[in-house]
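Below is one structure, written out as structure tokens; the observations come after it.
The values are calculated or read from the model by the stated rules, or taken from the named source; none is laboratory data. Only a predicted model underlies this, so the values are computations on that prediction, with no experimental measurement involved. Cβ: placed from backbone, ideal geometry, glycine included. Neighbour counts: every protein chain shown.
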Amino acid sequence: MTKTTTKEIGTLILALIGVGIVGYLVMQTLGGQGHAAFNTTNLGVHWGLPIVVYDYFLLTSTGLAMIAALAILFGSETFRPIVKRAAWLALAGLAGGVVVLMLELGHPLRALVAIPTSFAFESPLYWKAMTIGVYVLALLILIARMLKADWDAKALRGHAILILVLAMFITAAAGVVYGSNSFRPFWASGDIPVAFIFESLLGGLAFIYFFTYLAYAFDAEAMPEGVKRLFNGALPGLFALAIFVHLLFVLARMVNGLYGNVEGLQVWQHMVTSPLFLAEIFIGLLLPLILMLLAGTRTRPWAQALAALLVMNALLISRYEYIIGGQLVPMFKGTWAPDLLSYMPSTTEWLLLLLAILVSNAINAFGELTLRLGRER
Amino acid sequence: MAKWGMVIDLDKCTGCQACTTACTMENNRLPGENWQDVLFYTEGTYPNVSMKWFPRPCMHCEHPSCVSVCPTKATYKDPNGGFVLVDWNKCIGCKYCQVACPYGVRFYMDERAVIQPDIRTVFPSNNDRLWDPPYKGPQDDPSRGIGIQPHGVVSKCTFCYHKVSKAPAGAVDLDEDIRELKEHVPACVRVCPPKARFFGDLDHPDSYVNKLIADKRGVRLKDETGNKPQVYYLSGGAAAAVPALRSMTDSDKS
Ligand code: SF4
Ligand code: SF4
Ligand code: SF4
């Protein structure tokens, strides 16, 4: 057994133990209290942290899938070392999110039958859910087709186009779920689906950086030459660009929100001064942007791994503030409801975040162990 | 077929909450789950403060956003009468409809009890319903969201489907003063002491609700959303008015 294999088995076992412990705790509280264990209420915050987690993992997954597809289509041999890992991570991330969604829904098992048989063509959620089914299948087949070490990118081009289209569609549909609520000005905007696509791509890049380093236990020397070349060549520039574009979208929404008078936008007045938002902008986005722009740091493994970790956190905050922020002004609840609702996730809700992370890591470690992700050459 | 609608005269409404209580009793709602509520608003700052109130059931919209977003078609609009109903056998509790209703009138009751003691633990249920109250209305139709609410689904005002849908064919105005129709009048309309609520066929040119809407220039709440409520409000200039804002508090307070 090689040193790497031992490490992979260790990670897998640790993640599985974590899933067991956290899963047990979550089942205990949800089994005993049901959704009373969440801090969501009928006053207005209907979708709490579990939905934030689900959407975060889903959008990271589609971002990774888009990157895998783009790498097959345009990446030539340079991007080859990240394709399989991105595709597998896309599945692992999605699995973490879906587990949390299942624990959030009132009737998760019914959903598996009720959605596909509803033909509810008017609902963005119907399209989102149905497309996710096809997307998972397409990713599984793609991975199966890349099992041989000498898989041929040219032969996978059609498949890559399909995955790219599916991933973009799911991401855009997720944007429409929020963006089409015209009476929630904090959410409503035609550019939300586009912003979501860029946000996904950024998440995909951050995850690829971080999980590749993780696969080599943050030992850059151990990484194959191909990966090193990519990480120090085209990727930091792309990463910086993606951070910049996401930052633009967030800042544009913020400026709009601060100047706008429509009821619902006042959430921005509170948000811009919150430590969470400031951390997202300055530590989560600006700092990584600088790290990826400066010649002295952009090729340093520690800087890349740190930037990736910071961006991963910033995107989670960004998702949280967007989803929760749009629900903070109560709809017709009268003066007895506060002007602005306050919402803090409950312990169970935080545990669901942990569960998603552990499930995704367990599946990722399993892939690292069995699929030799990114090590075919 | 009728298109049922409600008219609420804000000049007459005294904010007594009889409608809210009647709805809760008629439909076995949990405390805090007010399908119908009278919302109270304060405006201005001391000493120039006024208090306003605003009764608000589900609007049974002509173009209900709750229906279009539902991924399972559990929420649907009944073409016979225009009731917007929830099929509890199909609802998966995704809460998208709650998020997508501009009027905040839908309820997911698995959450922490708003009012203590938690009545669900006082009268626990031994089936899939949320509780087992000692008095239960005789009506139980989960495919229309009528009866004791099950776990994991969303509920809302049914326009008293169980009463209204059984009105004699051809009935135009469901008025509690018409003896043979009074059992078919929605509970909130029937009990209103100053008779501020009216119920009738919006599609019938001679219905009393249409006359009221025309005579007193009835308006619909947040018409700009395109939901086109089937509930109209009358406010002729006396104290009560349709609130311009959904929170209607001093928004500069931030
Ligand atoms: S008021 Fe809300 S719940 Fe009622 S029909 Fe309209 S959108 Fe649906
Ligand atoms: S909670 Fe139920 S009724 Fe509402 S959108 Fe979801 S499935 Fe439809
Ligand atoms: S119509 Fe019936 S269900 Fe609707 S608010 Fe009135 S009493 Fe309640």
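Tabulated data
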item	result
Among residues of the range B:45-77, those that are part of a loop (DSSP other than H, G, I, E, B) and more than 15 Å from the chain's Cα centre (by Cα), counted	11
Residue that is surrounded by the fewest Cβ atoms within 10 Å (Cβ to Cβ), among those in the range A:38-72 that are among the polar types (S, T, N, Q) and closer than 19 Å to residue A:95 by Cβ	A:60
Hits in the range B:115-166 - residues which are surrounded by 19 or more Cβ atoms within 10 Å (Cβ to Cβ), over 18 Å from residue B:95 (Cα atoms) and touching a residue at least 60 places away in the same chain (Cβ under 8 Å)	B:120, B:146, B:147, B:148, B:159, B:160, B:161, B:164
Criterion violated by residue B:93 - all others in (1) touching a residue at least 40 places away in the same chain (Cβ under 8 Å); (2) at the interface with another protein chain (Cβ under 7 Å from one of its Cβ atoms); (3) over 18 Å from the mean Cα position of the chain (by Cα); (4) within 15 Å of ligand 1 (Cβ to nearest atom) satisfied	(4)
Residue check, residue A:30 within 14 Å of chain B (Cβ to nearest Cβ), buried (at least 16 other Cβ atoms within 10 Å of the Cβ), farther than 26 Å from residue A:331 by Cβ and among the hydrophobic types (A, V, I, L, M, F, W, C)	yes
Of residues in the range A:233-258 being over 24 Å from the mean Cα position of the chain (by Cα) and part of a helix (DSSP H, G or I), the one farthest from residue A:199 (Cα to Cα)	A:258
Pick from the range B:19-59, criterion in contact (Cβ under 8 Å) with a residue 60 or more places away in the chain and β-branched (Val, Ile, Thr), ranking: farthest from ligand 3 (Cβ to nearest atom)	B:45
Residue that is farthest from the chain's Cα centre (by Cα) [pool: residues in the range A:327-375 that are β-branched (Val, Ile, Thr) and more than 13 Å from residue A:23 (Cβ to Cβ)]	A:335
Out of B:69, B:99, B:84, sole residue that is near ligand 2 (Cβ under 7 Å from one of its atoms), at pLDDT 95 or above and among the β-branched types (Val, Ile, Thr)	B:69
Answer residue from the range A:264-298, given it is among the polar types (S, T, N, Q) and more than 11 Å from chain B (Cβ to nearest Cβ) and is surrounded by the fewest Cβ atoms within 10 Å (Cβ to Cβ) among those	A:274
Evaluation of residue A:78 against (1) assigned to a helix (DSSP H, G or I); (2) surrounded by fewer than 18 Cβ atoms within 10 Å (Cβ to Cβ) (one fails), failing number	(1)
Positions within the range B:72-81 being of a type in the set (S, T, N, Q) and within 9 Å of ligand 2 (Cβ to nearest atom), in sequence order	B:72, B:75
Filter result for residue B:141 (more than 16 Å from ligand 1 (Cβ to nearest atom), of a type outside the set (Lys, Arg), more than 14 Å from chain A (Cβ to nearest Cβ) and over 19 Å from the mean Cα position of the chain (by Cα))	no
Flag for residue A:125 being over 14 Å from the mean Cα position of the chain (by Cα) and either within 13 Å of chain B (Cβ to nearest Cβ) or part of a loop (DSSP other than H, G, I, E, B) (or both)	yes
Candidate set: the range B:106-120, residues that are within 10 Å of chain A (Cβ to nearest Cβ) and not in a loop (DSSP other than H, G, I, E, B); chosen: the one farthest from ligand 2 (Cβ to nearest atom)	B:120
Pairs where the first residue, in the range A:157-185, is within 11 Å of chain B (Cβ to nearest Cβ) and of a type in the set (S, T, N, Q) and the second is assigned to a loop (DSSP other than H, G, I, E, B) and crowded, with 21+ Cβ neighbours inside 10 Å, C-beta under 9 Å, 6+ apart	A:180/A:187; A:181/A:187; A:181/A:326; A:181/B:102; A:182/B:102
Of all residues making up the range B:27-58, the number that are closer than 19 Å to residue B:161 by Cα, more than 10 Å from chain A (Cβ to nearest Cβ) and either buried (at least 23 other Cβ atoms within 10 Å of the Cβ) or within 16 Å of ligand 2 (Cβ to nearest atom) (or both)	5
Evaluation of residue B:103 against (1) within 14 Å of another protein chain (Cβ to nearest Cβ); (2) in a loop (DSSP other than H, G, I, E, B); (3) surrounded by fewer than 21 Cβ atoms within 10 Å (Cβ to Cβ) (one fails), failing number	(3)
Test result for residue A:202, within 30 Å of residue B:98 (Cα to Cα) and in contact with a helix residue (DSSP H, G or I) (Cβ under 9 Å, 6 or more places away or on another chain)	no
